[in-house]
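K.L.:
There's a structure below that I have some questions on.
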Amino acid sequence: MLLIVVAAWGLTWPVNKQLLQSLSPLWMVALRAALATVALFVISIARGRLVVPSLADVPIVLSITLLHMVGFVVLANVGLELVSTGRTVVLAYTTPLWVAPAARIFLKERLTPRRVVGVLAGIAGLVALFNPLAFDWSDHRAVYGNLAIVAAAILWAANIVHIRRHEWQATPFELLPWEMLLATLILVPLAFASGNVPTAPWDAQLVALMLYSAAVGAALAYWALAVASRDLPAITTSLGLLATPVVSIVIATLWLGEAVTISLVLAVLFVLGGIALGATGATTARSADQRRHGLIDHQQVRETT
């Protein structure tokens, strides 16, 4: 599931960059959420998996919707409109900086030496890509864009920690249509309130980009992330997602013509090395914790079935 998220979102960032040439950030995410909502309800009904969320799951529905589907997505795409694709995706995936201490404080997850080294290696890769010494700090639009993306990363980190802590009643897939519907009900009025009604012609390319962003970048990826975040330690999830900037920048280089730099090569080595270090032994550690606490993940069994 984590690999699905990395592949889907790795392409989504360059796709969204192309969409933002024709649509404003609010309209782009509003239309994407609306299309994803329709697709998810159709799939849920067809599979007989449409259920009404219980009161116990309402907090996680609100958390995923407000922190990620609305807060993170809007802020990240505002930043994507103002700064380059590479810099945007790098800053968006500084999430481990915020997840690691939060998971230790709120989830009591162990910061093993391998995880610490893995997180530091991954962050070193992001720093190599970001290269703050080459940033024009006098460009106010770029500064605001970067701040928006950092704020988005903090919101995402909070959501990852909450997902891991929540005691799920329904499965992530069963809750996803309602989360996307709530996001649509929030984003569409905001888009109309912005006054920037889309006037771009809807040619075949624009339609194809929007369908990918909605069906794969939103519907599929959010479901896979919810499952991965529930069944893996928060630090491991955030660390694995560090592969997404590498995928995005490689695609942006081939598709959008961004240059391959030494910092990109160094980042690939650091990020992938950090993922290998941090993820190794995660399953063993989780199994040991479950045996110690006598926990049985019935929801994981139901999702697998």
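K.L.:
How large a share of the accessible area of the chain, in percent, is made up of carbon and sulfur atoms when the probe is 1.4 Å and the other protein chains stay in place?
P.N.:
For the chain, the apolar C and S fraction of the accessible surface comes to 71 percent.
K.L.:
Turning to a different aspect of this structure: State the answer as a single residue: which of 212, 95, 197 lies farthest towards the positive end of the charge dipole of the chain, with beta carbon charges of +1 for Lys and Arg and -1 for Asp and Glu, about the Cα centre.
P.N.:
Looking along the dipole axis, the top candidate is 95.
K.L.:
Residues of segment 1-132: accessible area per residue at 1.4 Å, in Å²?
P.N.:
Numbers: 5270 Å² over 132 residues.
Using a 1.4 Å probe on heavy atoms only, each residue of segment 1-132 averages 40 Å².
K.L.:
Once you keep just the Cα pairs under 8 angstrom separated by 6 or more residues, what percentage relative contact order results for the chain?
P.N.:
Relative contact order comes out at 39 percent.
K.L.:
Continuing with this model, one more query. Apply the a/c threshold of 1.5 to the C-alpha gyration tensor of segment 174-224 and tell me whether it is rounded, prolate or oblate.
P.N.:
Cα axes put segment 174-224 in the oblate bin.
K.L.:
Tell me the net charge near residue 141. Cut-off is 14 Å between Cβ atoms, residue 141 excluded, with +1 for each Lys or Arg and -1 for each Asp or Glu.
P.N.:
Residues close to residue 141 contribute a combined charge of -2.
K.L.:
Another question, if that's okay. Could you state the accessible area per residue of segment 146-266 in Å², with a 1.4 Å probe and every protein chain left in place?
P.N.:
Values: 4730 Å² over 121 residues.
Accessible area per residue, segment 146-266: 39 Å².
K.L.:
From the backbone phi of segment 116-128, what are the Karplus-calculated ³J(HN,Hα) couplings (6.51 cos²θ - 1.76 cosθ + 1.60, θ = phi - 60°) in whole Hz, Gly and Pro given as x?
P.N.:
4, 5, x, 4, 5, 5, x, 5, 4, x, 5, 5, 4
K.L.:
Rounded, prolate or oblate for segment 88-173? Axes are the square roots of the Cα gyration tensor eigenvalues, ordered a ≥ b ≥ c, and the cut-off for rounded is a/c under 1.5. The partial results should precede the final answer.
P.N.:
On the way: a/c = 2.96, a/b = 1.59, b/c = 1.86.
Taking the square roots of the gyration eigenvalues as a ≥ b ≥ c, segment 88-173 is oblate.
K.L.:
Three principal axis extents, largest first, for the C-alpha atoms of segment 121-280, in Å?
P.N.:
Largest to smallest, the principal-axis extents are 44, 43, 31 Å.
K.L.:
Taking Rh as the Kirkwood radius computed over C-alpha pairs, what is the Stokes-Einstein D of segment 1-86 at 20 °C in a medium of viscosity 1.002 mPa s, expressed in µm² per second?
P.N.:
146 µm²/s
K.L.:
Continuing with the same structure: With a ≥ b ≥ c taken as the square roots of the eigenvalues of the C-alpha gyration tensor of the chain, please select rounded if a/c is under 1.5 and otherwise prolate if a/b is larger than b/c or oblate if it is not?
P.N.:
The shape class here is oblate.
K.L.:
Report the charge-dipole magnitude of the chain in Debye, nearest 20, computed about the Cα centre from +1 at each Lys and Arg Cβ and -1 at each Asp and Glu Cβ.
P.N.:
About 760 debye.
The values are calculated or read from the model by the stated rules, or taken from the named source; none is laboratory data. Here the structure is a predicted model, which is why all the values come from computation and not from measurement. In this analysis, Cβ positions are derived from the backbone assuming ideal geometry, glycine residues included, and neighbour counts consider all displayed protein chains. Side chains included, ligands, DNA and RNA excluded: accessible areas come from the protein's heavy atoms. Shrake-Rupley method; radii C 1.70, N 1.55, O 1.52, S 1.80 Å.
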